[in-house]
Amino acid sequence: MKTIADPACGTGGFFLGAYHWLTRPGAQLNAAQKKFLRDQTFSGNEIVPNTRRLCLMNLFLHNIGELSGEPSVERSDALIAEPRHKVDYVLANPPFGKKSSMTITNEEGEEDRETLTYQRQDFWETTSNKQLNFLQHIVSMLKVDSKAAVVLPDNVLFEGGAGEKIRRKLLENCDVHTILRLPTGIFYAQGVKANVVFFDNAPKDGRVHTQGVWFYDLRTNKHFTLKTRPLKLDDLQDFIGCYHPENRHQRQETERFRYYPYEELIARDKASLDIFWLKDDSLDNLADLPPPDVLQQEIIDHLEAALAAFRDVAAGLGRST
């Protein structure tokens, strides 16, 4: 019987996905396992009160948790302190945004936003980058040899400074074995590209635990939109086959699935894990472009992403003056 946590669980989507898998047709759970699944399997954090209420309601409607007693989802900032208990699995899609911040009221009664950094003894690096902090926190949540699958934006794979130091520590201290490169607009809006990073925690024995990383490119020459061409389970079947969940040490390279050894990864500039090898056909073959509605949505996504980036720069300049 295993425990599953999400430090930014939203309305509980990952919990429900795990629950449906554990109770799928053919799964045989005895009475003790059913009780553990209902009362002890899931735990998480959600900082927004109404979202947390929706999460608890969703869980209760699926026979997870009780109306009385201590809720399994805390209304708190998961990054504030070290986790009180370790778990077997973490499934997480931390909120997007490079900076962690809080709203404060100054002496003139005006609202302002103050950048947050978390002074944690168990963190490898102190940074205001929200995703990097969540990544460090998730590592701290895991038991030895337990597993995580985390949705992270591209900047976590290539950012310098604290980002590089955290990537090197992650590769050393955990077994980072798979990165699924997702297309634009699946988990994040406004043209932001995301990845699912799969890793196992490992003993703190001074050894390097990542031997190499398998990358699956579900991005190049793939076109999805949230409305007209959403990503479906069928689109992930090839990745699932390549992942080889029965024994991931028996994987084989394919056109979209490629292995990079640890020595090659740490020798890259800033230990970047932002890796591509497929040729983008749309750059050469103008006669085989995606449908107009897909192109239109991609242009809108990229323009919105650029506008959001300019707003972040403007906000930063405003705080510095």
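Quick look at the values:
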{"read-out": "Heavy-atom accessible area order for R251, R229, R75, largest first, 1.4 Å probe", "value": "R75, R229, R251"}
{"read-out": "Within-9-Å neighbourhood charge of H209 [Cβ basis; K, R +1; D, E -1]", "value": "-3"}
{"read-out": "Local electrostatic count at K169 - Lys and Arg +1, Asp and Glu -1, tallied over other residues with Cβ under 12 Å", "value": "0"}
{"read-out": "Gained length - T220 relative to D39, 0.36 nm times residue gap less alpha-carbon distance", "value": "60.9 nm"}
{"read-out": "Set K147/K279; K143/K165; K34/K169 screened for pairs whose C-alpha atoms are more than 28 Å apart", "value": "K147/K279; K34/K169"}
{"read-out": "With DNA, RNA and ligands ignored, accessible area of D122 (1.4 Å probe; Å², nearest 10)", "value": "50"}
{"read-out": "M57, M1, M141, ranked by accessible area, largest first (probe 1.4 Å)", "value": "M1, M57, M141"}
{"read-out": "Cβ crowding within 10 Å averaged over residues, with 173-181, 21-29, 259-267 ranked highest first", "value": "173-181, 259-267, 21-29"}
{"read-out": "Highest to lowest packing among 201-210, 6-15, scored as the average C-beta count within 10 Å", "value": "6-15, 201-210"}
{"read-out": "Extension gain from L233 to R207, taking 0.36 nm per residue of separation minus the Cα-Cα distance", "value": "5.6 nm"}
{"read-out": "Net length gained if the chain between K169 and T23 were fully extended (0.36 nm per residue, minus Cα distance)", "value": "48.9 nm"}
{"read-out": "Label-to-label distance, nm, for residues given as I266 and D281 (7 Å Cα→Cβ offset)", "value": "3.9"}
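The values are calculated or read from the model by the stated rules, or taken from the named source; none is laboratory data. Model, not experiment: these values are computed from the prediction. With ideal geometry, Cβ positions are generated from the backbone for all residues, glycine too; neighbour counts draw on all protein chains shown. Note: accessible area is taken over every heavy atom of the protein model, side chains too, but ligands, DNA and RNA are not part of it. Shrake-Rupley method; radii C 1.70, N 1.55, O 1.52, S 1.80 Å.
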